[in-house]
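No lab work stands behind these numbers, since they all come straight from the coordinates. Fair warning: this is a prediction, and the values are worked out from it, not measured in the lab. Using ideal geometry, Cβ is built from the backbone for each residue, glycine included, and neighbour counts are taken over all protein chains shown.
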Amino acid sequence: MTNHLSEEELILHYYGETPRAAAPRLAEHLASCGECEAANTRLHRVLTLVDSAPPVDARPGFERDVWARLEPQLDEGLVRRLVRRSAVREGGSATREGGWRTFFWAPQWALAGGVAALVVVAFMAGRISNGTDVVLPAPQRAAASPERVLHAAVGDHLDRTQMMLVELVNADTDQLDQLAGEQARASDLVAANRLMRQSAEQSGDGAIADILEDLERVLLEIANAPADVTSNELSDLKSRITTEDLLFRVRVIASEMRQRNRTDREAGDRPAQRLPVS
Amino acid sequence: MEERDPSVVARARDGDRDAFRALVDLHSRYIYSLAHRMTGNAQDAEDVVQEAWLKAHKQLARFEARADFRTWLHRITVNCSIDLIRSRRHREDAHDPADLEQGPLSERGADTQPTPERVAASVQISDRVQQALGLLTALERAAFTLRHVEGMSIEEVGEQLGMKTSATKHSIFRAVRKMRTALEPFVES
Ligand SMILES: [Zn+2]
């Protein structure tokens, strides 16, 4: 018999993907040609063998390693979701989860609104907190919008505040002298914080104003803590920082600020992208 | 596989970290095998497992309570494998396919954990199958696996991998030919 079936035809046949027009000829040939029938059987056996091989198993303890690598990233995912939520909140009425309301501090600052005030804020934020100015990249400085100045300043400020809080939370409750250093930093941060909160309120940045307001209370509390603070009081302060999720929220807004700064810079020409997998 | 405890999924969906961890413990081994079959090496399989869990975590709210969790996770894992393979496609196009092979066979078998219940013969055959699969390029392997194991049509495989149907067909043909050459001695009496 001439014109035996090709391997390609047999493979398509195996997977049921023979073109409809070719199907009758193929079936007829297989029924009448021993050689092609044998080739077909061998192909079936090979492919069945592939199926019969047990799957490659992961090493012992794999699940534990997966979790160790995964868990920190879950928090980042949560941060992204919260950032989106706070962005939504900004657009509408700012509903506020209850919390540290007892230290509500009525703003007495009367800064004029607009760019001038925001530039002052950015300047103050840098100077007061760290002795360094907040510097926008030169080409962008001229075109910087009030929002961008605020975002840059707040992002910077939150990073510093976060560092301070982390140090405080991780401080050994027996080493009370560590608190003195944090107190000095806290009072510096309070001043910058107030200015920024005011600016955020004026520019309608509800989410930023919210977090800054909460921060202000904590910073004040740290700054005003008595010099003879007991280790119990310190651990009480630490636990409130943790249970109020304050650090977490600071991280959320700081990351949002970084994102906004990036978005500002990229000026809307960012291509839609898939999640990198590799 | 039927989810043994649907309440675990429900709790994980409500943000219970321990419940999510229980799911990770329960299903990671399964999706690792799946990812390994798709990608052909341990490192990529582990990366796919991570990515699949991240996606699952993010999309958990959209998971239908009545659906089977493992089936859902299976789909996510296949998609993550495809993403990884696609992201590397240009490399395979531009380089010798050998670049994408996974190194020496001795290394490749390293993550195959023999279990007591596996008899010697079947270990030998499974090694042989793994070796044969190791002869495939990443694209051949992915196309073959999607067609042969996942049961996608050749056209669907092409769509998933971003290839023309004819190119997909030829990837599968090459894959099967390599498998046949390597495994035929085992099936002839
Ligand atoms: Zn024939």
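Structural remarks
- Potential lengthening of the chain between A:Asn232 and A:Ser187 amounts to 14.0 nm, from the contour at 0.36 nm per residue minus the alpha-carbon distance.
- Stretchable slack from B:Asp18 to B:Ala61, in nm (0.36 nm times residue separation minus alpha-carbon distance): 13.8 nm
- Between A:Ala68 and A:Asp245, the modelled labels are 2.9 nm apart [label points 7 Å from Cα along Cα→Cβ].
- A simple spin-label model places the labels of B:Thr181 and B:Asn79 3.7 nm from each other, with each point 7 Å out along Cα-to-Cβ.
- Straight-distance crosslink candidates among lysines, where the alpha carbon sits under 26 Å from B:Lys164 and sequence neighbours closer than 8 are dropped: B:Lys178
- Inter-chain Cβ neighbour average for residues B:176-184, partner chain, 10 Å: 5
- Residues A:Asp172 and B:Ser7, FRET efficiency given R0 of 30 Å [Cβ-Cβ distance, rounded to 0.05]: 0.15
- Sites B:Thr71 and B:Glu155, calculated FRET efficiency, Cβ-Cβ separation with R0 25 Å, nearest 0.05: 0.65
- Taken along the Cα-to-beta-carbon direction at a fixed 7 Å, the label points for A:Ala22 and B:Gln43 span 3.9 nm.
- With an a/c value of 1.5 or above and a/b larger than b/c for the gyration tensor axes a ≥ b ≥ c computed over the alpha-carbon atoms, the stretch B:1-95 is described as prolate.
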